[in-house]
Amino acid sequence: MIQTKTIFTVFSPGTIIYGRNSFEEVGEYAKKLGKKALIISDPIMESLGFVRQTISLLKEQGLEAVSYLDVKSEPVDTYVTEGLQKLQTEKCDVIISVGGGSCIDTAKAIAVVATNGGYIGEYMNMKKIAEIPPIPHIAIPTTAGTGSEATDATVITNTTNDVKMMIKQPAFLPNIAIVDPVLTLTSPPSITAATGIDALSHAIESYLSRLAHPYSNVLALSAIDLIVNNLLKVYENGDDLDAREAMSIGSLQAGVSFSNASVALVHGMSRPIGALFHVPHGISNAMLLPAVLEYSKEACVDRLADIGEFFDKDRKQLSPEELADLVIVSVKQMCKKMEIGNLKEWGIEKEAFYAAIPKMAVDALASGSPANNPKVPTQEELIELYKIVYEYDFTS
């Protein structure tokens with residue numbers, strides 16, 4: 001990859017607090033930002049006690065808190081509208097998101113629209129610029145995967161046209177990210193797998209991206225190292241806190257990396273699948289990643305070979321081509337071990353999927369992410385790739 005730029009700008013949260021039991025610091029940091037918090041979360045986080053704990057920690061520091069807990073799927077524009085109404089009605093001046101990427105992305109959107117107005121979709125492709133500072137936002141992830149706590153992007157589905165809107169501006173960055181691996185201990189194997197492959201996709205795509213640069217590269221490679229060596233450990237033993245901590249740090253690093261280097265073809269193809277067929281984001285990324293790497297390989301053998309070093313446990317003297325192939329084979333094996341099926345096995349009817357392919361190809365290209373891929377696809381190539389991934393064989 002030829003890098004022509006020599007000056008880069010790096011965006012990340014104003015403050016990152018990470019480590020075991022760092023969650024307990026939320027009250028200390030929140031009181032510096034406001035007096036009444038709106039907690040954005042979901043019913044699962046409420047049942048696990050995380051919402052109650054957050055309220056208690058805030059109360060200890062003299063803050064009031066109310067909650068919006070209706071994030072029951074990947075984020076949609078109606079959640080933003082409802083959460084914003086709650087924020088305004090309750091006169092909250094700080095937002096705290098507790099949960100996975102859906103909760104964090106919803107909170108990001110609410111924070112920006114609260115001060116800048118309009119419909120969240122207006123911010124897509126920089127059509128509307130968030131010029132006024134958003135409501136202060138503390139993001140607390142409970143999974144190790146999306147990296148949303150560290151990015152300046154939010155992905156919200158437009159419920160009118162079933163398009164997942166990828167919206168990226170510096171204003172969407174949380175003020176503070178609190179990354180506590182203890183909170184991820186509750187993630188079941190299926191969520192651990194989906195979010196873990198999501199994090200691996202972020203790291204790999206940001207390293208292969210045409211917008212990658214020296215700062216993002218360092219974070220991407222470190223994240224790949226941590227995730228490759230710990231994802232199967234936490235999948236097989238969710239109580240392994242050392243591995244959980246490594247995954248949390250890897251996910252965080254991948255988040256900062258892709259926020260600055262961008263994702264590519266996997267994410268471009270994944271969003272339409274999620275919008276139309278409601279496949280969770282991490283799962284659809286996993287379904288796509290090996291096939292997209294195979295498609296892209298000829299344009300990025302050397303970069304894939306760098307990644308292959310992390311999979312080459314025996315440190316054999318492999319050629320760049322062999323290392324690149326090792327990455328693809330290893331990712332397939334990881335997906336197989338974690339029971340990631342293809343789209344047919346997920347239960348999507350072939351006729352419905354094929355009928356949607358033209359729209360998905362158009363929507364994927366419109367997102368801009370495929371243009372960052374080492375090998376940039378045409379619309380016709382995207383159509384063929386969607387057909388390939390429908391019945392993709394992870395064992396071949």
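The values are calculated or read from the model by the stated rules, or taken from the named source; none is laboratory data. Computed from a predicted model, the values in this text were never measured in an experiment. Every residue, glycine as well, gets a Cβ built from its backbone with ideal geometry; the counts of neighbours run over all protein chains shown. Note: areas computed on protein heavy atoms with side chains; ligands, DNA, RNA excluded. Shrake-Rupley method; radii C 1.70, N 1.55, O 1.52, S 1.80 Å.
In the stretch 346-375, the residues that are among the β-branched types (Val, Ile, Thr) reach residues that are in a loop (DSSP other than H, G, I, E, B) and buried (at least 16 other Cβ atoms within 10 Å of the Cβ) with C-beta atoms within less than 8 angstrom, at least six apart or across chains, in these pairs: Ile348/Val279. The criterion of at least 1 residues that are basic (Lys, Arg) and under 22 Å from Gly117 (Cβ atoms) is met, among strands (runs of 3 or more DSSP E) falling completely within the stretch 1-106, by 36-40.
Within the stretch 170-194, the set of residues being buried (at least 19 other Cβ atoms within 10 Å of the Cβ) and not aliphatic (A, V, I, L, M) comprises Phe172, Pro174, Asn175, Asp180, Pro181, Thr184, Ser187, Thr192. Condition test on Asn125, is it at positive phi and out of contact with any Leu (no Cβ under 9 Å at 6 or more places or on another chain)? So Asn125 passes the test. When restricted to residues that are open to solvent by 40 Å² or more (accessible area, probe 1.4 Å), over 23 Å from Ser270 (Cα atoms), hydrophobic (A, V, I, L, M, F, W, C) and assigned to a helix (DSSP H, G or I), the stretch 286-335 contains 1.
Summed over the stretch 169-205, residues that are in a helix (DSSP H, G or I) and under 23 Å from Ala109 (Cα atoms) total 7.
Here's the yes/no breakdown for (1) hydroxyl-bearing (Ser, Thr, Tyr); (2) farther than 30 Å from Pro358 by Cα:
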position: Gly99; (1), (2): no, yes
position: Gly118; (1), (2): no, yes
position: Met124; (1), (2): no, no
position: Ile176; (1), (2): no, yes
position: Ser187; (1), (2): yes, yes
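Would you check if Val256 is under 20 Å from Val376 (Cβ atoms) and not charged (D, E, K, R)? In short, no. For the stretch 261-270, the set of residues classified as part of a helix (DSSP H, G or I) and not small (Gly, Ala, Ser) consists of Leu265, Val266, His267, Met269, listed by residue number.
Number of residues in the stretch 264-300 that are at pLDDT 95 or above and of a type in the set (Val, Ile, Thr) equals 3. In the condition set (1) open to solvent by 10 Å² or more (accessible area, probe 1.4 Å); (2) more than 30 Å from Lys375 (Cβ to Cβ), Met124 is compliant with all but (2). Across the stretch 195-241, the qualifying residues are those that are of a type in the set (Gly, Ala, Ser) and open to solvent by 10 Å² or more (accessible area, probe 1.4 Å), and the one among them that is farthest from Gln253 (Cα to Cα) is Gly238. Scanning the stretch 57-74 for residues that are open to solvent by 10 Å² or more (accessible area, probe 1.4 Å) and under 26 Å from Ile167 (Cα atoms), we see that the one that is modelled with the lowest pLDDT is Ser73. Residue under question is Thr54, and the condition is that it be more than 25 Å from Pro170 (Cβ to Cβ), open to solvent by less than 10 Å² (accessible area, probe 1.4 Å), polar (S, T, N, Q) and out of contact with any Leu (no Cβ under 7 Å at 6 or more places or on another chain); does it hold? Here the answer is yes, as Thr54 does meet what is asked. Just one of the numbered conditions (1) part of a helix (DSSP H, G or I); (2) buried (at least 19 other Cβ atoms within 10 Å of the Cβ) is not true of Ile340: (1).
Is it the case, given these coordinates, that Gly282 is surrounded by 24 or more Cβ atoms within 10 Å (Cβ to Cβ), under 30 Å from Lys72 (Cα atoms) and in contact with a helix residue (DSSP H, G or I) (Cβ under 8 Å, 6 or more places away or on another chain)? Judged against the criteria, Gly282 is a match. Just one of the numbered conditions (1) assigned to a loop (DSSP other than H, G, I, E, B); (2) out of contact with any Pro (no Cβ under 9 Å at 6 or more places or on another chain) is not true of Phe258: (1).
Taking the stated definitions as given, is Ile156 over 14 Å from the mean Cα position of the chain (by Cα), at pLDDT 95 or above and open to solvent by less than 10 Å² (accessible area, probe 1.4 Å)? No; evaluated as a whole, the condition is false for this residue. Given the structure, is Tyr386 hydroxyl-bearing (Ser, Thr, Tyr), under 26 Å from Ile191 (Cα atoms) and not in a loop (DSSP other than H, G, I, E, B)? Here the answer is yes, as Tyr386 does meet what is asked.
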